[in-house]
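The values are calculated or read from the model by the stated rules, or taken from the named source; none is laboratory data. Note that the structure is a prediction, hence the values are computed from the model and not measured. Surface areas here come from the heavy atoms of the whole protein model, side chains and all, with no ligands, DNA or RNA. Shrake-Rupley method; radii C 1.70, N 1.55, O 1.52, S 1.80 Å.
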Amino acid sequence: MRFATCTLGGRRFAGLVEGDVVRPLRDVAELGAATPAEVLADPPLSGEEVPLADVTLRPVVPRPGKIVCMGLN
């Protein structure tokens, strides 16, 4: 499963990317730390299919709580 946060015509939504279509999640505008695990395990799909070429992809988690980086020399 690949999740994405998308924008289409001013509307922001989270969706499941399957091939060349995005299937919006019902009642989920964006993904983040507060997204319940059951939503990710069994996504509530809206039944709509939007062509991937028509949407603007946004960061999957728009406002992460923290970013952890590690460098190896």
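Keeping the other protein chains in place, figure out the carbon and sulfur percent of the accessible area of the chain, with a 1.4 Å probe.
On the way: 2820 of 5160 Å².
Carbon and sulfur: 55 percent of the exposed surface of the chain.
Rounded to the nearest whole Å², what accessible area per residue is found for the chain with the 1.4 Å probe? Intermediate values should be presented prior to the final figure.
Details: 5160 Å² over 73 residues.
I get 71 Å² per residue for this part.
In whole Å, how far is the Cα centre of segment 5-34 from that of segment 58-72?
Using only Cα atoms, the two centres lie 19 Å from each other.
When the scattering of the chain is computed by the Debye formula from its Cα atoms alone, each counted once and equally, what is log10 I(q)/I(0) at q = 0.12, 0.20, 0.27 Å⁻¹?
Values returned for q = 0.12, 0.20, 0.27 Å⁻¹ are -0.34, -0.81, -1.32.
Evaluate the relative contact order of the chain (contact order divided by residue number), counting alpha-carbon pairs under 8 angstrom at least 6 apart; express in whole percent.
Values: 112 pairs, mean separation 25.3, N = 73.
Over the chain, the number comes to 35 percent.
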